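Enquirer: So that we are looking at the same thing, I have put the structure below in structure tokens.
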Amino acid sequence: MVCFQILAAAIGAVAVVLVLRLWIVLRPQDVKPRESLNLLVVAGSGGHTTEILRLVGSLSSAYSPRHYVIADTDEMSSNKIKSFERDQANRDCNTMYPQYYIHQIPRSREVQQSWFSTVFTTLHSMWVSFPLILQVKPDLVLCNGPGTCIPICISALLLGILGVKKVIIVYVESICRVETLSLSGKILFHLSDHFIVQWPTLKEKYPKSVYLGRIV
């Protein structure tokens, strides 16, 4: 009985510490100016990748190096990223463009996959994502809605909770979302540092979001 009480107290203490660390990580913090930012970009399939690459194209070369994360079955996004980076480098041969890397993780959820099995595939994806985030240690994670961003963003949060590094998470809801958030958006609305929407109707529903008009 005593051993059980000690174990319960220990678990409770750990839970309190983790909740406190999560509160500290999610609390707004001042961002110090830097010469460069180690950027991690989560690319989804189809339109998600097109939108996120438009966003990346508007960033300066200070966002360097760039790490792209895609699902291991998403060959189309890989080709789009390579083509995009090649075009960026060829645009001005006298300009030093950032190095880029493409990383693959297991897909969190396939189209029409059951929600029950999605729990296990997402956990598997997180199992692969955390060592990647620990290795890259990005300053900023930029994502716009693919399911792949969930394990990546949770892993980035864990880096802060464990005291390794505070990672800024910026979520940009897809232009296709006019009145309701995507599932990823509903989850990351509470976990991201900056949540950007592209329609005023979403800003009205979610006052804490940032409305900048159409940015892609």
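The values are calculated or read from the model by the stated rules, or taken from the named source; none is laboratory data. Computed from a prediction, not measured in an experiment: that's the story for all the values here. All Cβ positions, even for glycine, are placed from backbone atoms using ideal geometry, and neighbour counts span all protein chains on display. Side chains are part of the model used for accessible areas, which takes the heavy atoms of the whole protein and leaves out ligands, DNA and RNA. Shrake-Rupley method; radii C 1.70, N 1.55, O 1.52, S 1.80 Å.
Enquirer: In the set Arg54, Arg91, Arg86, which member is in contact (Cβ under 8 Å) with a residue 40 or more places away in the chain, open to solvent by 60 Å² or more (accessible area, probe 1.4 Å), more than 19 Å from Leu183 (Cβ to Cβ) and not polar (S, T, N, Q)?
Expert: Exactly one of Arg54, Arg91, Arg86 is in contact (Cβ under 8 Å) with a residue 40 or more places away in the chain, open to solvent by 60 Å² or more (accessible area, probe 1.4 Å), more than 19 Å from Leu183 (Cβ to Cβ) and not polar (S, T, N, Q), namely Arg54.
Enquirer: If Arg109 meets every condition in (1) of a type in the set (D, E, K, R); (2) assigned to a helix (DSSP H, G or I); (3) under 21 Å from Asp72 (Cα atoms) apart from one, which number is that one?
Expert: Of the numbered conditions (1) of a type in the set (D, E, K, R); (2) assigned to a helix (DSSP H, G or I); (3) under 21 Å from Asp72 (Cα atoms), the odd one out for Arg109 is (2).
One line per residue, one yes/no per condition, for (1) closer than 25 Å to Ile196 by Cβ; (2) open to solvent by 40 Å² or more (accessible area, probe 1.4 Å); (3) in contact with a Lys or Arg (Cβ under 7 Å, 6 or more places away or on another chain); (4) modelled with pLDDT of 95 or more:
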site: Asp74; (1), (2), (3), (4): yes, no, no, no
site: Pro106; (1), (2), (3), (4): no, no, no, no
site: Phe120; (1), (2), (3), (4): no, yes, no, no
site: Leu123; (1), (2), (3), (4): no, yes, no, no
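Enquirer: Out of the stretch 186-213, which residues are farther than 26 Å from Asp139 by Cβ and either touching a strand residue (DSSP E or B) at 6+ places or on another chain (Cβ under 7 Å) or open to solvent by 60 Å² or more (accessible area, probe 1.4 Å) (or both)?
Expert: Trp199, Pro200, Lys203, Glu204, Lys205, Pro207 - these are the residues of the stretch 186-213 that are farther than 26 Å from Asp139 by Cβ and either touching a strand residue (DSSP E or B) at 6+ places or on another chain (Cβ under 7 Å) or open to solvent by 60 Å² or more (accessible area, probe 1.4 Å) (or both).
Enquirer: Could you check, for the stretch 34-51, whether at least one of its residues is modelled with pLDDT of 90 or more, farther than 23 Å from Pro131 by Cβ and either charged (D, E, K, R) or touching a Pro at 6+ places or on another chain (Cβ under 6 Å) (or both)?
Expert: Scanning the stretch 34-51, I find at least one residue that is modelled with pLDDT of 90 or more, farther than 23 Å from Pro131 by Cβ and either charged (D, E, K, R) or touching a Pro at 6+ places or on another chain (Cβ under 6 Å) (or both), so the answer is yes.
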